[in-house]
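Q: Could you have a look at this structure, given as structure tokens, before my questions?
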Amino acid sequence: MSEPIFAIVGHPNQGKSSIVSTLIQQDSIGISEESGTTVEASRHSLVIDGQPMYHLVDTPGFQRPRQVIDWLESHCGSAAKRQQTVTEFVNEHSNLPVESNRFKSEVELLKPIVDGAAIIYVVDGSVPFSSQFEAEMAILQWTGQPRIALINPIGGEAYIHDWQAALSQYFSLVKVFNPMTDNLEKQQQILRSVAEIFTQWRDPLLDCAKKLQQVSGKRLQQSSRIIAGFLNESLGYKVSAPETTDGITQATVKALELQYQTRLRQLEADLHKKVAQLYTHFNLEIDHESLSLDYPDLFDEQYWYLFGLSRAKLVGLAGSAGAATGVVVDIGVGGSSLMLGAAIGGVASAATAAWATLKPEAWKVRGVPVAGKKLQYGPIADLQFAFVLLGRAVAFVKQVTDRQHAQRSVLTLQQSKKEQLLANLSANQQVSLVMLLKKAQKPLGDSDISKLSGLLETMMDSEGKKAE
Ligand SMILES: Nc1nc2c(ncn2[C@@H]2O[C@H](COP(=O)(O)OP(=O)(O)OP(=O)(O)O)[C@@H](O)[C@H]2O)c(=O)[nH]1
Ligand SMILES: [Mg+2]
């Protein structure tokens, strides 16, 4: 096999599977706090543009390392035969029935190494070093395969220095790596260091580090397009009551409002799903339930401040956008601004403007035939609402981008710092954004959608390049 292949080995419960999951970007790999979760070796590949970049073999933890060393020592006549003795150990214990195979875990973890995989030994940097680990390291040394060690600070970094001192006697490279939190940049650094040790795989590993950067750029671009499509659809969305001879009842108004809100929540859920899949989080659990119960819901205006812009910023932006077009840009009335549905036709044309302040009971049309009339709900003209949708979408993308595949907790949408939302945009770009968001109340054309996704990409670029 030409691609780099590494066996991820170590004591049980050191985060081996977590490291595989994050470095391969797959969230389907079994991880659990129970020791002995992985019982069989399994190979996983990081694939970019259809090409495997490297393979990692997840393995069960060592169970009887001291007994293995005893076996090896008693079967090896000379230091020159150590590697061969490990192969003999694997062969001799390979096909035994599981019940009677006391070395099942060791066979599973040594087999890929005997077959040519390089070694990544994983230890938990929050537990002290002990002689138990020395037997494991000795076995790995016997294999003669190139090897490095990763210290996973599962519960902190208390013993990292001790570990570094012990590991550096057996391994050519020792690095600290946290599969839960270490971002792409740290992963690339690890790959580049590993490339310097495993020189036979230097080029593919360096190439992989470069491609990971390109993938991240492409994903940012794609998520910007997804958000632009979502905003276009959501901001322009409206519902109408079917023509009726019963007139407009409070029930009709309520039903329309519900239909409108359900659809917008669905569009937001679809956006989340698409973004999660783009970042290969196929099993990501999102707390939608709490989004609509005790957590700030999309339509819970009192929580809008979490995601939208500050009132002062909004007023300023709307003013600038208005000055640029010569048109007054409505920034919404706040409070009951969601009731901006317009009654169309002969129902109450004069009342249309006052709709926002009318209580539903004020509609005294119940029972009066109003054939040919219809009631429309949406689009919501409030600019703050557009920024709330935008702020929530950007916050979600950021959370998914920052999430490593070893993380299995349920994702709850968190507010991001609102002053950060527009930080990467120049004043002109901010005004363009406002105008596009206003314009999206009618469907945007392709060129406006591209403009919007370009602005979104700049907004979300973590390098924060501010355009002139
Ligand atoms: N906080 C924290 N938890 C971690 C980290 N790495 C692993 N864990 C947790 O540690 C536990 C064990 O992780 P696994 O990846 O299943 O460990 P393993 O070495 O594959 O375990 P076995 O397959 O049982 O040998 C899981 O509950 C992980 O969520 C880490 O860096 N930080
Ligand atoms: Mg495991």
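Values quoted throughout were computed directly from the atomic coordinates according to the rules given, and no laboratory measurement underlies them. Worth saying up front: this structure is predicted, and the values here are computed from it rather than measured. Please note: Cβ atoms are built from the backbone with ideal geometry, for glycine as well, and neighbour counts cover all protein chains shown.
Q: What full-extension length gain, to one decimal in nm, is calculated for S78 and Q214 as 0.36 nm per residue of separation minus the Cα-Cα distance? All intermediate terms of the calculation are to be shown ahead of the outcome.
A: On the way: separation 136, 0.36 × 136 = 48.96 nm, distance 4.96 nm.
Contour length minus Cα-Cα distance gives 44.0 nm.
Q: Let me ask you something else. Hey, got a sec? Which GluC sites (Glu not before Pro) in segment 121-180 land in a DSSP loop and have at most 16 other Cβ atoms within 10 Å? Don't skip to the end; give the middle numbers.
A: On the way: sites: E134, E136, E157; in loops: E157.
Within segment 121-180, the qualifying GluC sites (Glu not before Pro) (loop, at most 16 other Cβ atoms within 10 Å) are E157.
Q: If you plug each phi of segment 124-141 into the Karplus form 6.51 cos²θ - 1.76 cosθ + 1.60 with θ = phi - 60°, what whole-Hz ³J(HN,Hα) values come out, in order, with x for Gly and Pro?
A: Coupling constants for segment 124-141: 8, x, 9, 10, x, 5, 9, 5, 3, 6, 4, 5, 4, 5, 5, 4, 5, 5 Hz.
Q: If you take every residue apart from S447 with its C-beta less than 15 Å away from the C-beta of S447, what net charge results, scoring Lys and Arg +1 and Asp and Glu -1? Please list the in-between numbers first.
A: Details: positive: R225, K439, K442, K451; negative: D446, D448.
Computed value for this residue: +2.
Q: Quick check on segment 160-278: take the gyration tensor over C-alpha atoms, sort the square-rooted eigenvalues as a ≥ b ≥ c, and tell me if it's rounded (a/c under 1.5), prolate or oblate. If you can, show how the numbers build up before the last one.
A: Numbers: a/c = 7.54, a/b = 3.26, b/c = 2.31.
The shape class here is prolate.
Q: A further question follows. So, with +1 on the Cβ of K and R and -1 on the Cβ of D and E, and no other charges, what is the size of the charge dipole of segment 5-182 about its Cα centre, to the nearest 20 debye?
A: Details: 11 positive and 20 negative charges, 86 e Å.
Here the size comes out at about 420 debye.
Q: Sticking with this structure for a sec: Indicate the gyration tensor shape class of segment 30-122 (rounded, prolate or oblate), computed on the Cα atoms with a ≥ b ≥ c the square roots of the eigenvalues: a/c under 1.5 is rounded; otherwise a/b larger than b/c is prolate and the rest oblate. Could the numbers behind the result be given before it?
A: Details: a/c = 2.30, a/b = 1.46, b/c = 1.57.
Note, shape of segment 30-122 comes out oblate.
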